[in-house]
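What follows is a set of notes on a single structure, which appears directly below.
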Amino acid sequence: MELQELKAQALAGLEQTADLEGLEAWRVRFLGRKGPLSQFLRSISSLPLEERRLQGESANRVKSSLQDAWQSRRESLRLAQVSTSQSGADISLPGRPMPLGRLHPITQTFRDICAAFQSLGFEVVEGPEVEWDYYNFEALNIPPGHAARDMFSTFWVDYTDDKGGHPMLLRTHTSPMQVRVMEKTEPPVRVVVPGQVFRYEATDATHEAVFHQVEGLAVDENITLADLKGTLYEVARLLFGEDRKARFRCTYFPFVEPGVDMAIDCAMCRGEGCRVCSGTGWLEILGAGMVHPNVLSRVGYDTQRYTGFAFGLGVERIAMLRHGIDDIRLFFQNDLRFLRQFR
Amino acid sequence: MKVSFRWLKEYVHTTLPPQEIAEALTMAGLEVEAGQGLGEHWEGVRVARVTGVAPHPNADRLRLATVELSGESHTVVCGAPNLSVGQKVAFAQIGARLIDGHTGQTVTLKQAKIRGVTSAGMVCSEKELGLGESHEGILELSPEAPVGAPLADYMGDTPLEVEITPNRPDCLSVLGVAREVAAITGEPIRPPALDYSEEGPPVRELASVEIADPDLCPRYCATIIQGITLGPSPRWLQERLISYGMRPINSIVDVTNYVMVEMGQPLHAFDYRTLLESKIIVRRARHGENITSLDGQKRSLNPDMLVIADAHRAVAVAGVMGGLDTEVTEGTTDILLEAANFAYASLRNTASTLKMRTEASMRFERGLSPELVPPNIKRATQLIQQVAGGRVAKGIIDVYPGMADAGAIVLEMTEIPRLLGMEIDRAEVLRVLKALGFECREDSPERLLVRPPYWRSDVRLPADVVEEVARIVGYDRLPTTVLSGRLPHRQPDTKFRLKERVRDSLSGTGLQEAITYPLVSADWLETVHCPLGLRLANPVSREQEYLRTSLRPGLLAALATNQKSGADAVRLFEVGRAYLPWEDGLPLERDTAAAVLWNGNGEALWTGRQAGADFYEAKGLVATLLYRLGTSSVDFIPSQEPFLHPSWQAAVTVGGRVVGVIGQVHPKAADVLEVTGPAFFVEIYLDAVAAESGRTVTYQHLSRFPVAIRDLALVVVEEVSARQITDILSSSPLVTEVTLFDLYRGRPIPAGHKSLAFRMRFQSPKRTLTDTEVDRAQQQLVELLGRELGAVLRSA
Ligand SMILES: [Zn+2]
């Protein structure tokens, strides 16, 4: 067969191919080992050298043009196949679920609080939940028999020392870690302590015997109450958003002087006063103050040289405010219908 | 504490509304809430005098009253039976807002014609004024009531609810709160009068006071008043006690209570004639000593308790409660009045042992200043003379073994900016301290010598003085600055970081984090075969009596809760502490990661039902977790944990060391904890893992040579474990990975046998392996398996 004729016939056939199967049949027929081109190339092997070269070159030209045509036909057939709408493609069927685990809202809140302080150079450390009276009270300027002990209803461990006392307790706050950290470290100190704390208390919608706090401590030369205010206002901004107002007022904790109570404006009523904020327009979120000189000197810090601030935040309270949770007991119930809401 | 705003204003002048005062006090450290005001709506109601009462011409049960106020005279129709000429009454003019006696609604008083007579207003009952429930008769005001004055000025009031912090016992008094108001507003304080006439014999001739235990009683003062007339106290005094929430008893007891509320010092009055040998001895109680307290209860005392005794017996529990034998009652004519100071710690102990937290003990427990005693006893003596008459003996017995001069506090002026981060100018500092009653001596331009007023027992250090200045100036004025200065040396808490990674890994694998209660019952711990551990001395309940020694009970209970609420699959984990008793010290708080898996009947999905949770899910979870933590050589070995199903359990080891346990919860434990269906439990002790985790990864070269993949199906007897086969398959140096991809039992595999299919990857880091090499290696492995385990190739 004449090469040009073969080429025309092949290209015409290519036009007729409707799908990839037909295309493959076409390829086998025209470009396969048993196809006319291969046969032609085999048949010229007996021709003289010059003749063979000329015939071979034109046959190869035809072959390569057929190959190019095949390539582009294949491309267009594939595209046509992909773009055709396929029956059974119901994109509304649900996706196959990936394993989706979540962190407890308390953990999420812990992380947000700690991250805010970490961005200000605080390191996260943890401490024991079962404590000595010494760390929980005495070293924090609350001697035995002090009325301030009433502020911290205590679970005592059934443990008796040589003197018949009960010196072991469940820590009532994360503040003992102030003392433990300072005992081990020289200033500068900048730590936050997330942890679980305990109060001997009946449980209701706003009280739990077990809850969580984040303690903070910074001690160095030249640390002031104004630094405390700046630090806490910045953290409140990170946690609650740009447009919330914060308030600093005087209060008493035995281990700080001056003492501070910090509140943010009530989001429910925008400071007008409502049930959530007991009509005050403010929600107390933490206690703080300048570390009491008695606490500093007990750990051997030079009170003439160093000052420091400390603070303690209630994690449940912050989680409740941020998420509008109205019952603190939900945190320990581990009801998936509750936990799954916190993505 | 409830403080009457009206009473408070007796000691300090202010025109500010109670809400503003409450707000200012709160900012300065005294948390105050202004309650519902009494008389806020008494517009148009004034004090009037009844000048005439005449019968109503057209009605038998109504009368016409003429009332007079500031020169005007009005006639009103009135139905009250208790109306009489000369009475002072509350008169509402037309337009006044009142509470309707029948409906309870607030209404505006309109002019009305009653049975043909026009009434010019109304004479009010208690109920119409919101003072009480009675509307049968009119409210009769005291004869001193100023005619013409708005009723709100005469008797309107707002209760202030004051929350006192433990450091401020001085503010457990109306005068104390008034002093705060004075300091904040800059108004002067007007303290109550303390002077009275002494017409009796010298007090020392009448009684003696001895303090046997001065460590518990720094100061004791006494006065004696003879010939009193005991009766009810006057109305104004009763009203004030009621405003505070106390019940009036008799004039003497009422005065002691009144002065305590007014000025803060608890006092006690004895019937002088009942004190044997006219002696007061302040001493520790004797072994086996008893006292019948005022409430009629017999109390047993012990030598840790301080009592007030006469020559023979205890007559009061010091600072807590008086005794019945020496009570002031009908027939009492002579009294010995006590004002004393007691050591707070011992008193607090006594009050709590006797379960008698009284108004008095609550004040003493906070550490009152002994300097409060003289002015308070004078005030009480003066009031007793005023309301009960009698002759006051000359002088005061004052025994003061605890006298100590604390000296002045040296306040370096630099201390203010050093603590506060802001300057407060010297004149302002002086002004504030003076307003608070502090005496200041200007020692030098750099410093002040500061003496706190006698009522303040809480100010001792320069920092305390700085707080005083700051809170009155207002924390609002503090600037906000950021921490500058050195960053500390970071010492990352590796245990904390490990726990955070565990949380990330387990939640990343699809588990929900739980936080369960750390306090559990003995029963629960026994059910899950854990030791009891530390017990609380004062548990809230038996259900929360022990610190958990394992996370098992809490997580299983959480599973049961969710099963009950209809969950169809539960996968929970917790990272928490188990508290293990540790010799003679604090317990070991072992960080533990635990998980519970339960999948009901398998989650139904349109792509096919998901397999139910099983042992292998638990195993895969642990393997993934430990891989994430960077541990190597993780293994699972047989174990005997009674909490778990005897067949379906394994100990987890890392580097040969047991770090945890996994398995199916034993059906017996599951039953007790009300868990239904098979649940699988995982427990990993993180302290054991910590040492093995977090190593820095060393990079392995990537082989450039191709991988040959071969699948191999083997038939073995049931007793042969998959692990035994993989160990042999992995022993070839050419094999880089072995994966089990099928397990089959049943035809045509003979009974007691199983078929396991493995995929092996052959690869060399140095060259391309030939088919022949791979075939030979595989053949050798098959022969080895046959020899060692009796494995045969499964025929296709
Ligand atoms: Zn609000």
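Every number in this text was worked out from the coordinates using simple rules, so none of it is lab data. All values derive from a computational prediction rather than experimental measurement. Cβ placement follows ideal geometry from the backbone for every residue including glycine, while neighbour counts extend to all protein chains displayed.
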For the range A:3-83, convex hull volume per residue from C-alpha positions, Å³: 69
In the range A:151-248, the GluC sites (Glu not before Pro) that fall in loop regions by DSSP, at most 11 other Cβ within 10 Å: A:Glu242
Fewest-first sequence of A:Tyr135, B:Tyr579 by Cβ atoms within 10 Å of each Cβ: A:Tyr135, B:Tyr579
FRET efficiency, B:Arg704 to B:Leu605 (Cβ-Cβ, R0 51 Å, nearest 0.05): 0.75
Mean Cα-pair separation over length for the range A:3-83, i.e. relative contact order, pairs under 8 Å, 6 or more apart, %: 36
Per-residue average of Cβ from other chains inside 10 Å of B:503-515: 6
Ordering of B:565-573, B:117-125 by packing [mean C-beta count within 10 Å, highest first]: B:117-125, B:565-573
Selection from A:Leu11, A:Leu79, A:Gly35, by position along the positive dipole direction of the range A:3-83 (Cβ): A:Gly35
Whichever lysines have a C-alpha closer than 28 Å to that of B:Lys394, once near sequence neighbours (fewer than 8 apart) are set aside: B:Lys279, B:Lys378
Top positive-direction residue, dipole computed over the protein assembly as shown with Cβ charges, set B:Gly186, B:Leu743, A:Gly300: B:Leu743
222 nm mean residue ellipticity, helices alone, for chain A (DSSP H n ≥ 4; -39,500 (n - 2.57); rounded to 500): -12000 deg cm²/dmol
Given charges at beta-carbon only (K, R positive; D, E negative), |dipole| of the range B:1-151 in Debye: 640
Within the range A:3-83: Cβ-based charge dipole about Cα centre, in debye rounded to nearest 20 (Lys, Arg +1; Asp, Glu -1): 260
With at most 15 other Cβ atoms within 10 Å, longest stretch of chain B clear of loop GluC sites (Glu not before Pro) (DSSP): B:447-582
Extension gain, B:Ala212 back to B:Thr494 (0.36 nm per residue minus Cα-Cα distance, nm): 95.7 nm
For B:Thr333, net neighbour charge (Lys/Arg +1, Asp/Glu -1) across residues whose Cβ lies under 9 Å away: -1
Loop sites in the range B:305-368: trypsin sites (Lys or Arg not before Pro), DSSP, at most 12 other Cβ within 10 Å: B:Lys355
Shielding by partners - mean other protein chain Cβ count within 10 Å, residues of A:118-128: 4
Nearest-0.05 FRET efficiency for B:Arg460 and B:Tyr616, computed from C-beta distance (R0 56 Å): 0.25
Distance (nanometres) between label positions extended 7 Å along Cα→Cβ at B:Thr75 and B:Glu423: 7.6
Qualifying lysines (Cα of each under 17 Å from Cα of A:Lys34; at least 8 residues distant if same chain): A:Lys7, A:Lys63
Anchor B:Lys110: aspartates and glutamates whose Cα lies under 15 Å away (excluding residues fewer than 8 positions away in-chain): B:Glu43, B:Asp100, B:Glu128
Footprinting exposure proxy for A:Ser92, B:Ser550, A:Ser38 (fewest neighbouring C-beta atoms within 10 Å first): A:Ser92, A:Ser38, B:Ser550
Euclidean distance of C-alpha centroids, the range B:330-369 and the range B:474-532, integer Å: 44
Residue-averaged 222 nm ellipticity for chain B, from DSSP H runs of 4+ at -39500 (n - 2.57), nearest 500: -7500 deg cm²/dmol
Degrees, to the nearest 10: B:235-244 long Cα axis against longest axis of chain B: 10
Inter-label distance for A:Asn60 and B:Val792, nm, one decimal - labels placed 7 Å from Cα along Cα-to-Cβ: 5.9
Per DSSP, loop trypsin sites (Lys or Arg not before Pro) in the range B:659-719 with at most 11 further Cβ within 10 Å: B:Arg695, B:Arg704
16 Å tail of the calculated P(r), the range B:260-326, as % of Cα pairs: 44
Farthest toward positive dipole pole in the range B:390-466 [+1 Lys/Arg, -1 Asp/Glu at C-beta], among B:Ile396, B:Leu461, B:Cys440: B:Ile396
About the Cα centre, charge dipole magnitude for the protein assembly as shown (Lys/Arg +1, Asp/Glu -1 at Cβ), debye: 3760
Estimated distance in nm for a label pair at B:Gln724 and B:Lys668, the labels positioned 7 Å out from Cα along Cα-to-Cβ: 3.1
Residue order, fewest to most surrounding Cβ atoms within 10 angstrom, among A:Trp26, B:Trp606: B:Trp606, A:Trp26
Disulfide-incompatible cysteines by the Cβ rule (no partner under 4.7 Å) in chain A: A:Cys114, A:Cys250
Per-residue average of Cβ from other chains inside 10 Å of A:214-222: 2
R0 of 41 Å, Cβ-Cβ distance A:Leu41-B:Tyr744: FRET efficiency to nearest 0.05: 0.15
Debye intensity ratio in log₁₀ form over the Cα atoms of chain B, taken at each q of 0.06, 0.07, 0.08 Å⁻¹: -0.70, -0.82, -0.93
Full-extension gain in nm, B:Thr770 to B:His13, via 0.36 nm per residue minus C-alpha separation: 262.0 nm
